[in-house]
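Below you'll find the structure, written out as structure tokens, and then a few comments.
The values are calculated or read from the model by the stated rules, or taken from the named source; none is laboratory data. Just so you know, these numbers come straight off a predicted model, no measurement behind them. Here Cβ is always computed from backbone atoms with ideal geometry, including for glycine, and neighbour counts include all displayed protein chains. Note: areas computed on protein heavy atoms with side chains; ligands, DNA, RNA excluded. Shrake-Rupley method; radii C 1.70, N 1.55, O 1.52, S 1.80 Å.
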Amino acid sequence: MFTGLIEEVGVIERVIASGNGKNFAIRAHAVLEKTAVGDSISVNGVCLTVTEVEKSSFTAFASTVTCGLTTLGTAAPGTKANLERALALGSRLGGHIVQGHVDGVGTIKSVDRDSRGVSIRVEAGAEIARYIVERGSISVDGISLTVVSLDRGVFGLYLIPETISATTLAEKKAGDRVNIETDILARYVERMIQGGREGKGDGEAALKRALAEEGYL
């Protein structure tokens, strides 16, 4: 589990085919501290397991399925990557709950810069857009961001200077592809409602009761 607050930008040094997937050797610094084989690191929003740790890099494996569902499938040596170690118990949750389980790949439609930041519009597709809401949270290439606009399958983002300096997103241009993970809460809500529709109980009523008990209604 991650927060979507990027710790550093690393660089993919080597991509090595291995069995049913690829090994990625990634140059890094900050995320190597106290990292051991078996730990999880988010690489451009994809949760990967560390298989080797060296002085200035780590190696992680991505299966064929993961490569096919994310931008890792086309990542090459020299590609920059947003990196974040898994959330530790007791840490502040400054972003939102990010699993590192990418829902799909979106395409950047436009990038507009002003004197204070960068506006980006991303086309997501219907299966992803159904879980996106204005002013809700979303992870793009592993970065926790707020949706500022939503027009059918296209959502807008605004990058503040801190995000611009700490991530790769401001370097993107129209046509580039990005990994998207929607807020997991939206999927749970949908599933609870579907439960009632499928004859497995009144999911919508149960959801309303739970929200009322917690003071949301």
Which of the pairs Lys109/Lys173; Lys22/Lys80; Lys22/Lys109; Lys22/Lys172; Lys80/Lys172 have their Cα atoms more than 20 Å apart in this structure? Lys22/Lys109; Lys22/Lys172
Report, by chain and number, residues whose modeled amide H sits under 5 Å from the one on Val11, excluding near sequence neighbours (fewer than 5 apart, same chain). Arg27, Ala81
Answer rounded, prolate or oblate for the range 82-163, using the Cα gyration tensor with square roots of eigenvalues a ≥ b ≥ c: rounded when a/c is under 1.5, else prolate when a/b is larger than b/c, else oblate. oblate
Can you give the angle from 0 to 90° between the axis of helix 184-197 and the longest principal axis of the chain, with both taken from C-alpha atoms, to the nearest 10? 40 degrees
At R0 = 25 Å the Cβ-Cβ FRET efficiency linking Glu127 and Arg27, nearest 0.05, sits at 0.15
Computed E for Thr64/Met1 - FRET, C-beta separation, R0 35 angstrom, nearest 0.05: 0.90
Centroid-to-centroid separation of the range 127-168 and the range 17-61 [C-alpha atoms, Å]: 25 Å
Which shape class applies to the range 53-108: rounded if a/c is under 1.5, otherwise prolate when a/b exceeds b/c and oblate if not, where a ≥ b ≥ c are the square roots of the Cα gyration tensor eigenvalues? oblate
So for R0 = 25 Å, FRET eff. of Arg187-Asp39 from the Cβ-Cβ r, to 0.05, ends up at 0.45
With θ taken as phi - 60° and the coefficients 6.51, -1.76 and 1.60, list the Karplus ³J(HN,Hα) couplings across the range 18-32 in order, rounded to whole Hz; mark glycine and proline as x. 8, x, 8, x, 9, 9, 10, 9, 10, 6, 7, 9, 4, 6, 7
As a test of the formula, what do you get for the chain when each DSSP H run with n ≥ 4 contributes -39,500 (n - 2.57) and the sum is divided by the residue count, at 222 nm and rounded to the nearest 500 deg cm²/dmol? -5000 deg cm²/dmol
Sequence-separation-based contact order of the range 82-139, relative, with Cα cut under 8 Å and 6+ spacing, percent: 26 percent
So the carbon and sulfur contribution to the accessible area of the chain, 1.4 Å probe, in percent, is 51 percent
With +1 on each Lys and Arg Cβ and -1 on each Asp and Glu Cβ, how big is the dipole of the range 100-140 about its Cα centre, in debye rounded to the nearest 20? 140 debye
Nearest-20 debye value, the chain charge dipole, Cβ charges on Lys, Arg, Asp, Glu: 240 debye
Report the Rg/Rh value for the range 15-171, based on alpha-carbon coordinates and the Kirkwood definition of Rh. 0.97
Considering the zone a paramagnetic label at Ala170 would reach in this model (a point 7 Å from Cα along the Cα-to-Cβ line), which residues of the range 1-35 have amide N under 14 Å from it? 9
Compute the accessible area per residue over the range 45-94, keeping the other protein chains in place, probe 1.4 Å, unit Å². 54 Å²
Whole-Hz ³J(HN,Hα) for each residue in the range 95-107, computed from phi via Karplus 6.51 cos²θ - 1.76 cosθ + 1.60 with θ = phi - 60°, x for glycine and proline: what do you get? x, 8, 6, 10, 8, x, 9, 5, 7, x, 10, x, 10
Taking the chain as the reference, fit the longest principal axis to its C-alpha atoms, fit the long axis of helix 203-213 to the helix C-alpha atoms, and give the angle between the two in degrees, 0 to 90, nearest 10. 90 degrees
